[in-house]
């Protein structure tokens with residue numbers, strides 16, 4: 001069979017992910033604060049972009065006039081150069097046709113027309129000290145010897161987020177050039193620091209440290225942890241009672257005390273530092289209807305600098321190429337930001353339409369919703385909906401929620417209607433909150449109660465939802481009221 005080389009032509013259609021298109025897609029998933037940073041960065045790097053100040057706006061348009069109220073989110077680009085010079089003003093292709101719909105009649109967000117107060121000082125959260133800082137401060141007060149401080153700093157530096165020591169004593173001794181006995185002495189010192197149980201090497205040692213930190217420790221509790229820890233972890237309480245020659249009730253008292261200990265001493269110094277959340281969308285109820293308002297506070301209004309545009313007519317080839325590139329980038333950013341705001345508004349309006357009952361009555365009335373439902377409602381692909389709802393928050397009459405909070409699977413009720421999984425979790429949480437502490441409800445009993453409410457749900461699903469809510473199993477909840 002003869003081999004030969006030949007040329008052939010083939011036509012195909014595809015969307016090429018150019019850097020500009022990638023930028024437009026990236027803008028979709030940015031929060032309002034992140035969008036502000038991107039726009040400010042572009043203002044610094046692109047000389048053709050400039051921010052429209054209140055003084056630069058048209059003086060003929062009064063703030064209260066209909067013309068001012070109908071202004072677009074991002075100011076329109078000024079009149080382009082003559083026909084023979086405007087080829088570079090056009091985008092490579094219509095971003096609206098590729099990614100969004102063609103509805104250009106959206107009015108400017110109402111937020112831009114409102115006066116806003118500065119964020120109250122009380123809402124600014126101070127930074128929380130870390131576990132390392134907390135222990136270092138105690139070490140400075142506890143020891144003046146530089147050798148002890150060096151060993152102590154090495155121990156503290158090898159603690160994990162939960163407060164456990166993750167280095168061997170001999171490794172610390174080698175790094176500090178001291179004996180293992182000296183490291184053990186300093187380790188014992190660090191283990192006396194707050195929080196109790198810190199610098200332990202395992203859970204057993206952590207519990208012993210906490211028990212012995214009590215001025216009058218329970219000797220039975222100490223002996224159970226020290227000598228019968230395996231039986232304790234496997235809940236072999238009768239075996240412990242026989243070994244210690246004590247009644248089962250006495251053993252259970254000590255078990256309750258042990259269960260009340262903190263297994264992760266460094267937990268409260270973890271990375272759960274609260275941050276002030278600025279909503280990207282605000283939903284107001286006005287005259288019985290819900291109005292979606294975009295938060296555009298801090299997003300500059302952009303336009304193209306006319307001085308640089310005029311260089312297109314009177315510059316050399318090299319300067320002209322530079323200005324054309326920057327002009328194209330500026331026009332693309334202006335249009336991408338505008339389309340991002342329009343898309344966010346449409347998605348929020350669609351969510352409000354689907355979740356009207358939730359906004360009126362609260363969490364039990366949250367309905368199941370998928371990305372496809374919203375996409376079909378506003379004529380967009382569900383991947384676009386996913387990007388738009390990423391890292392964005394909405395403030396509603398029911399509270400502040402992430403936009404993705406409204407997308408949940410559903411469970412079919414007895415009357416054929418779908419109930420949101422979030423609503424089912426709320427039912428389970430309410431049932432367990434009101435249970436008899438001495439006779440806590442098992443997962444199977446919860447499933448039976450929900451079945452009586454026309455919700456058929458498996459026991460393992462109840463267990464899954466209970467764990468997601470952070471609620472202990474029934475046999476552990478039974479002991480909680482008796483803890484010290």
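Values quoted throughout were computed directly from the atomic coordinates according to the rules given, and no laboratory measurement underlies them. Treat the numbers as computed from the prediction; the structure is a model and nothing was measured. Cβ sites come from the backbone with ideal geometry, for glycine too, and all protein chains shown count toward neighbours.
Taking just the C-alpha trace of the range 291-404, give me its Rg and Dmax in Å.
When restricted to the Cα atoms of the range 291-404, Rg and Dmax are 20.1, 67 Å.
Evaluate the relative contact order of the range 142-192 (contact order divided by residue number), counting alpha-carbon pairs under 8 angstrom at least 6 apart; express in whole percent.
In percent, rounded to a whole number, it is 33.
Can you sort 176, 206 from fewest to most other Cβ atoms within 10 Å of each residue's own Cβ? Mind showing how you got there, number by number?
Details: 176 18, 206 25.
In increasing order of surrounding Cβ atoms, one gets 176, 206.
Can you give the translational diffusion coefficient of the range 131-269 in µm²/s, computed by Stokes-Einstein from the Kirkwood radius over Cα pairs at 37 °C and 0.692 mPa s? Walk me through the intermediate numbers first.
Working: Rh = 16.1 Å.
Diffusion coefficient, whole number: 204 µm²/s.
Take 359, 344 and order them by how many other Cβ atoms sit within 10 Å, fewest up front.
On the way: 359 17, 344 24.
Fewest-to-most Cβ neighbours within 10 Å comes out as 359, 344.
Measuring from label point to label point, each 7 Å out along Cα→Cβ, what is the residue 6 to residue 325 span in nm?
4.3 nm
Once the range 126-201 is represented by equal point scatterers at the alpha-carbon sites, with solvent omitted, what log10 I(q)/I(0) does the Debye formula produce at q = 0.14, 0.24 Å⁻¹?
-0.39, -1.12
Under a no-solvent Debye model with one identical scatterer per Cα of the range 171-211, what's log10 I(q)/I(0) at q = 0.30, 0.31, 0.35 Å⁻¹?
These q points yield log10 I(q)/I(0) values of -0.95, -0.98, -1.08.
How would you rank 438, 130, going from fewest to most other Cβ atoms within 10 Å of each one's own Cβ?
Fewest to most other Cβ atoms nearby, the residues stand as 438, 130.
Find the Cα radius of gyration of the range 225-290, compare it with 2.2 N^0.38 Å by division, and give the number to two decimals.
Here the Cα radius of gyration is 2.28 times the empirical estimate.
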